[in-house]
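J.: Handing you a structure now.
Readers should treat all values here as calculations from the given coordinates under stated rules, not as data from a laboratory. Treat the numbers as computed from the prediction; the structure is a model and nothing was measured. As a convention, Cβ positions derive from the backbone with ideal geometry for all residues, glycine included, and neighbour counts pool all protein chains shown.
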Amino acid sequence: MAPPEPSRGAGVVAAVVVIFAALVAGISLTEFFVAPAYRETALRLLAALVLLVAVSPVRAIVRACTERRAAWGSAEVGEGTPGTRAQDSHFARFHDEIRSSARSQSYFEHLLWPRLVALAQASGAPADALEKPRGRRFGRGPSIAALARIIASLEARR
């Protein structure tokens, strides 16, 4: 028999304890190391920072709860079938992968580019048939337009 899952209440209590400990530690360090003239401002900044860290998971939960849901009767029309949900998850995964590749040259070179080369080889093209796009400044990957051209060339070969 599997051990029972920890309750959500225990997680909330643990989060509150961690936030309280961080606040106490920050206040005590501020009292010792910040000059009295700047202490009030430092404490306000510390409280704002702890509040920001505490509210970030709540924002994610609220966003997940308020996402646009399917319209009433969409299952009758056929939009809510498991096949379309699977296609949507594939689309979302590929969309995230392309966005990550545009943000990070390392992600593009190590994950997406080998997959694109494998797709090209599977369609019968030689390994060097694809032209690898250059990355952009500050370690970002190729532009979305360059990735779109590569994917279009792969689609044309199909």
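J.: Is any residue of segment 92-135 close enough, with backbone N under 13 Å, to a label point placed 7 angstrom from the Cα of residue 149 along the Cα-Cβ axis, and if so, which?
T.: Only 130-135 fall inside the zone, counting backbone N under 13 Å.
J.: How far, in nm, would the chain grow between residue 44 and residue 107 when pulled straight, counting 0.36 nm per residue and subtracting the alpha carbon separation? Mind dumping the intermediate values first?
T.: Details: separation 63, 0.36 × 63 = 22.68 nm, distance 3.87 nm.
Between residue 44 and residue 107, full extension yields an extra 18.8 nm.
J.: Can you tell me the FRET efficiency between residue 28 and residue 56 if r is taken as the Cβ-Cβ distance and R0 is 25 Å, rounded to the nearest 0.05? Walk me through the numbers before you get to the answer.
T.: Numbers: r = 24 Å, r/R0 = 0.95.
Computed FRET efficiency for residue 28 and residue 56: 0.55.
J.: Let me know the Kirkwood hydrodynamic radius for segment 100-149, please, with Cα pairs as the basis and the value in Å to one decimal.
T.: Computed over Cα pairs of segment 100-149, the Kirkwood hydrodynamic radius comes out at 11.0 Å.
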